[in-house]
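Report on the structure given below.
The values are calculated or read from the model by the stated rules, or taken from the named source; none is laboratory data. Since the structure is predicted, the reported quantities are computational estimates derived from the model, not experimental observations. Here Cβ is always computed from backbone atoms with ideal geometry, including for glycine, and neighbour counts include all displayed protein chains. Ligands, DNA and RNA are excluded from the accessible area calculation, which covers all protein heavy atoms including side chains. Shrake-Rupley method; radii C 1.70, N 1.55, O 1.52, S 1.80 Å.
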Amino acid sequence: MAGDTNELKKIAITGAAGSLGDAIIKQLLKHLPDVNILGLDVSTPKRKRNSSRLTYVKRDVRDKAIQGDF
């Protein structure tokens, strides 16, 4: 339900398989416990972080088929 204080926020990180994307995801998981993260990249991440709040999706953000999801 919108406005529910128990609802987790959602953040999409593009370039999640790269060094910078991985570093951002690491910090978000560490410092923002009320956030779910969607990691998007055309490549498979070399390091997959083990968290129920993180989902990796192998897609290109330029793909028009997924742009409506955001």
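Some values worked out for this structure:
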| quantity | calculated |
| --- | --- |
| The stretch 19-54, residues that are part of a loop (DSSP other than H, G, I, E, B) and open to solvent by 50 Å² or more (accessible area, probe 1.4 Å) | LEU32, PRO33, ASP34, VAL42, SER43, THR44, LYS46, ARG47, LYS48, ARG49, ASN50, SER52 |
| Meets criteria (loosely packed, with under 14 Cβ neighbours inside 10 Å and either touching a residue at least 40 places away in the same chain (Cβ under 8 Å) or touching a strand residue (DSSP E or B) at 6+ places or on another chain (Cβ under 6 Å) (or both)) for VAL57 | yes |
